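Structure first, commentary second.
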Amino acid sequence: MNELKNTERELYFFRMRLIFIGIFVFACFAALITRFVWLQIIKHDDYVLLADENRIDIVPVVPNRGLILDRNGVILAQNYSAYTLEITPSKITEDMDRLIDDLSALVDIQPKHRKRFKKLLDESKNFESLPIRTRLTDEEVARFTAQRFRFPGVDIQARLFRQYPQGDSASHVIGYIGRISPNDADLIDDMEDSANYNGTDYIGKEGLEKSYETALHGTTGFERVEVSANGRAVRTLSRTPPTSGQNLILSIDIELQKVIEEAFGDRRGALVAIEPETGDVLAFVSKPTYDPNLFVEGIDQQSWTELNTSEDRPLLNRPLSGTYPPGSTYKPYMALAALELGKRTPSQSVSDTGFFMFGGHRFNDDKPGGHGVVDMFRSIVVSCDTYYYMLANDLGVDTIHDFMKPFGFGQKTGIDLEHEKMGLLPSTEWKRTAYKKAVQQKWYAGETISLGIGQGYNSFTPLQMAHAMATLANNGIVMKPHLVKMTEDPKSHQKTLTVPKESFRIPLKQENIDIIKNAMVGVTTVAGGTGYAKFHDAEYISGGKTGTAQVVGIKKGEKYNAKNTAERQRDNALYIAFAPADKPRIALAMVVENAGFGAEFAAPIARKALDYYLLGKRPSDKDKLSGIKADAATAATSATQADGNTDPGTQEIRD
C-alpha cells in the first residue's frame with residue numbers, strides 16, 4: 001500500500017532549497033561585485049600605478065653642464081656629445097672577461113679600459129650601466145650595431161663629455177670633473193637636492209668645477225618611457241626637459257694667462273694679477289701646470305704616478321696654497337706703517353753703513369759698505385735693508401701685525417676656490433699658541449728685526465701678496481678677489497655679478513699712500529732703482545718692488561753663494577707691481593722659486609705681463625725661447641715655508 005505524498009511538506013522543502021540557492025548565488029554575486037568595486041574603484045589608483053611601473057620607466061635626463069668662459073668670451077670648459085659602449089652587469093649571464101674579449105673583436109678595448117671598467121664595477125651597483133669604452137668612432141659604432149643581437153646587456157649610449165680646449169692653461173683655476181666616487185655619492189646623499197643627481201655620472205673634483213658645482217650642474221629632467229616585457233624602450237610618453245647649468249664668466253684673461261705661463265717657461269712659481277678697482281683676478285698662474293683633460297674619464301696610472309711623484313709638484317695650486325717669505329716686497333707696507341703711525345717722516349734719514357747691530361747680532365745689508373744716508377724714498381728705490389731693520393725694531397711685532405692684517409697678509413682672502421691657505425703673519429699671541437714649551441713661546445726682540453725685510457716667520461701666499469698690492473693701488477679700498485666675474489642664465493642670458501661692491505676701506509691718509517706709490521714708481525724710473533733696468537724703457541709708468549727671499553737659513557759667518565747652494569735651496573725671486581701709475585688697471589705679485597734675484601728673474605716676467613695687458617704686446621720669439629730655457633741656476637722649487645729657525649744675525653737679502 002503506497003504512502004500518500006505530503007505535497008505541502010515537499011513544497012516547503014523545495015522552497016527552502018530554492019531560497020538557500022538564491023541566497024548563495026546572491027552572496028557569490030555580491031562577493032564578486034564587492035571585489036570588483038575594491039579592485040576597480042577603491043584600489044584603482046594603486047593598481048594603475050603598479051601597472052604603469054611595469055609598463056613605464058622614469059628615465060632621468062641629465063642637464064647640460066654650464067660652460068666656463070674667460071672675460072672675453074673664450075671657452076675654457078665645454079661639452080661635446082660622443083658615443084659610449086656600456087655594459088649593464090645585471091643583464092649579463094656569461095663570464096664578464098669572455099664578454100669583453102668578444103667585444104674587443106668589434107671595438108678597440110685596451111688593457112687600461114678593462115682596468116678602469118673593473119674599478120667602476122667594484123664601486124658601482126650591479127644594475128648600473130657602466131662604460132667600457134668612451135668616444136667611439138663612427139666605424140666602431142657601425143660594427144657593434146650590426147652585431148648587437150649577440151650581446152644582450154650591452155648597448156651604445158650617446159653621452160655628453162667635458163672638454164678643456166685650452167689644455168693645461170689655467171688648469172689650477174678651472175679644475176676638472178670626474179666620475180662620482182663612493183665618497184662623492186655619500187656627500188650627494190646628504191644634500192637637500194640629492195634627487196637632482198639621479199642619472200648623473202660626473203661631478204666637479206677641483207677648481208671652479210668643484211666650488212661652483214651646484215650652479216654648473218643644472219636641474220635634472222625626466223622622461224616617462226613605455227617599455228616592453230624585456231625592458232626595451234617602445235616610445236616616450238612624456239618629457240620634462242632638464243635645465244642647463246649656469247655659465248661661468250670668469251675675470252681671467254686667458255691670453256694674458258698664456259703670456260705669463262710662457263714667460264715662466266720651465267721655472268716653478270706663481271703669479272696673480274688683479275684689477276684693483278673691481279677685485280677681478282686677471283691672471284692666476286701656477287707653474288708647473290697639468291692637463292685637466294686627463295682626469296675626465298679617469299686618469300691612467302702612469303700619468304697619475306708622474307703627477308704625484310714629481311718633485312715639481314704640478315698639482316699644487318701655488319697661488320692659493322703655496323706660502324713664501326715676501327722678502328723686500330714687504331718694505332713698501334712697512335714704510336706706509338711708519339708714516340701712518342708717526343714713526344718716520346718722508347725726509348727723515350738713517351745712515352746705512354752696511355749692517356745693523358742689535359743684541360750682539362749683526363744684521364747685514366745687501367750692499368757691502370751700505371747705501372750711505374737713506375731717506376724713505378731711497379730706502380724703497382734701492383731696497384735698503386738697514387733702514388727696515390731699524391724701522392721693524394721701532395715698530396715692534398704686534399704693531400706690525402695689526403697694521404698688516406687689514407691688507408690681507410696672513411688672512412684668507414675668501415676667493416672662490418677651496419683649500420686656500422692662511423699663511424703666517426706673526427705676533428706675540430701667535431707664538432704663545434703655536435709652541436708648547438715656554439722658552440719657545442716667548443717672543444725675542446731680535447726676531448722682530450728680520451720681519452722688516454719680509455723674512456723671519458713671515459709667510460704669505462702669492463694671492464695674499466697680490467691682494468695687498470691691489471688694495472694699496474686702490475688707495476686702501478678692499479675688493480674681494482674673485483675668479484668668477486658673473487654667472488649667466490643659459491636661456492635668458494641674464495648676468496649676475498658675484499662681487500658687486502667693496503668689502504671695506506682701510507683708514508689711510510691719501511698723502512701717505514701717494515708717498516709710497518711715488519717711491520715704488522721710483523723703483524722703475526730712477527737710475528739705480530732695483531727695477532729700473534727692466535722697466536725704464538716701458539711705454540707706461542709703473543710702480544714696483546723687487547724681492548729676494550731666503551729659503552733656508554745661512555749659518556753665522558757664512559756667505560750666500562748660489563753656485564755652491566743646492567738648486568732647491570736657492571733664494572726665491574719676487575716682484576710686485578701696479579700700472580699705470582696714475583690710474584692702476586692691474587696689480588700683481590709673483591714668485592719664481594729658487595731663481596735668485598727678484599730684479600733679474602721675476603721683474604722680466606712681470607714686464608711681459610704688463611706689456612701685454614696694457615699695450616697688447618706679445619713677447620717676441622727670442623723672448624719666448626730665452627724664457628723656456630731655464631737652467632739649474634734659474635729653476636724653481638715647490639712652495640716653501642719661511643724657516644723659523646733662521647739665525648737673525650745672518651739675514652742678507654739681495655734684490
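The values are calculated or read from the model by the stated rules, or taken from the named source; none is laboratory data. Just so we're clear, the structure is a prediction, and the values are computed from it rather than from any experiment. Positions of Cβ are generated from backbone atoms using ideal geometry, with glycine treated the same way; all protein chains shown enter the neighbour counts. When the accessible area is computed, the model is the full protein with side chains, heavy atoms only, and any ligands, DNA or RNA have been set aside. Shrake-Rupley method; radii C 1.70, N 1.55, O 1.52, S 1.80 Å.
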Sequence order, the range 157-170: Karplus ³J(HN,Hα) from phi using 6.51 cos²θ - 1.76 cosθ + 1.60, θ = phi - 60°, Hz rounded, Gly and Pro as x, gives 10, 8, 10, 8, 10, 8, 9, 10, x, 8, x, 7, 6, 6
Once you list every other residue whose beta carbon is under 15 Å from the beta carbon of residue 532, what net charge do they have if Lys and Arg are +1 and Asp and Glu are -1? +1
For 588, 67, the accessible-area ranking with a 1.4 Å probe, largest leading, is 67, 588
For the range 123-215, listing trypsin sites (Lys or Arg not before Pro) in a DSSP loop whose Cβ sees at most 10 other Cβ atoms within 10 Å gives 125
For residue 61, what accessible area in Å² do you get when you roll a 1.4 Å probe over the heavy atoms of the protein chains, rounding to the nearest 10? 20
Accessible-area ranking of 65, 71, 239, largest first, probe 1.4 Å: 239, 71, 65
What is the calculated FRET efficiency for residue 302 to residue 189, with r their C-beta to C-beta distance and R₀ = 25 Å, to the nearest 0.05? 0.15
State the Cα centre-to-centre distance between the range 535-550 and the range 130-161 in whole Å. 58
Pull out a ≥ b ≥ c, the square roots of the eigenvalues of the alpha-carbon gyration tensor of the range 167-298, then state rounded if a/c is under 1.5, prolate if not and a/b is larger than b/c, and oblate in the remaining case. prolate
With θ taken as phi - 60° and the coefficients 6.51, -1.76 and 1.60, list the Karplus ³J(HN,Hα) couplings across the range 285-301 in order, rounded to whole Hz; mark glycine and proline as x. 9, 10, 10, x, 10, 8, 8, x, 4, 5, 8, 4, 9, x, 6, 6, 4
Percent of accessible area on the chain owned by carbon and sulfur, 1.4 Å probe? 53
Unit charges on C-beta of K, R, D, E only; dipole of the chain, Debye: 380
Starting from the residue with the highest accessible area, list 117, 36, 377 in decreasing order, probe 1.4 Å. 36, 377, 117
If you take the beta carbon distance between residue 215 and residue 343 as r and set R0 to 41 Å, what does 1/(1 + (r/R0)^6) give as a FRET efficiency, to the nearest 0.05? 0.30
Full extension from residue 419 to residue 432: what is 0.36 nm times the residue separation minus their Cα-Cα distance, to one decimal in nm? 2.1 nm
Go through the range 3-37 and name the trypsin sites (Lys or Arg not before Pro) that are in a DSSP coil and have 14 or fewer other Cβ atoms within 10 Å of their Cβ. 5
As a test question: what accessible area, to the nearest 10 Å², does residue 80 have when a 1.4 Å probe is rolled over all protein chains in place? 60
Please give, to one decimal in nm, the separation of the simple spin-label points placed at residue 147 and residue 90, each 7 Å out from Cα toward the Cβ. 2.8
Length-normalised contact order of the range 127-282, Cα under 8 Å, at least 6 apart, in percent, tallies to 15
Counting each DSSP H run of 4 or more residues in the chain as -39500 (n - 2.57), what helix-only mean residue ellipticity at 222 nm follows after dividing by all residues, to the nearest 500 deg cm²/dmol? -9500 deg cm²/dmol
Calculated FRET efficiency, residue 8 and residue 34, Cβ-Cβ r, R0 45 Å, to nearest 0.05? 0.75
Checked the range 321-479 against the a/c 1.5 cut and the a/b vs b/c comparison, axes a ≥ b ≥ c from its Cα gyration tensor; verdict oblate
Return one whole number: the accessible area per residue of the chain in Å², for a 1.4 Å probe. 48
Expressed as a whole number of Å, what is the distance separating the alpha-carbon centroids of the range 586-603 and the range 281-342? 13
Starting from the Cα-Cα distance between residue 412 and residue 441, subtract it from 0.36 nm times their residue separation and give me the gain in nm to one decimal. 8.0 nm
Heads up, I need the accessible area for residue 444: 1.4 angstrom probe, whole protein in place, Å², nearest 10. 90
Using modelled amide H (1.01 Å from N, peptide plane; none on Pro or chain starts), what sits under 5 Å from the amide H of residue 541, excluding residues fewer than 5 places away? 581
Taking the reciprocal of mean 1/r across every pair of different Cα atoms in the chain, the Kirkwood radius in Å is 29.1
State, to one decimal in nm, how far the label point of residue 119 lies from the label point of residue 494, with both points 7 Å from Cα in the Cβ direction. 4.2
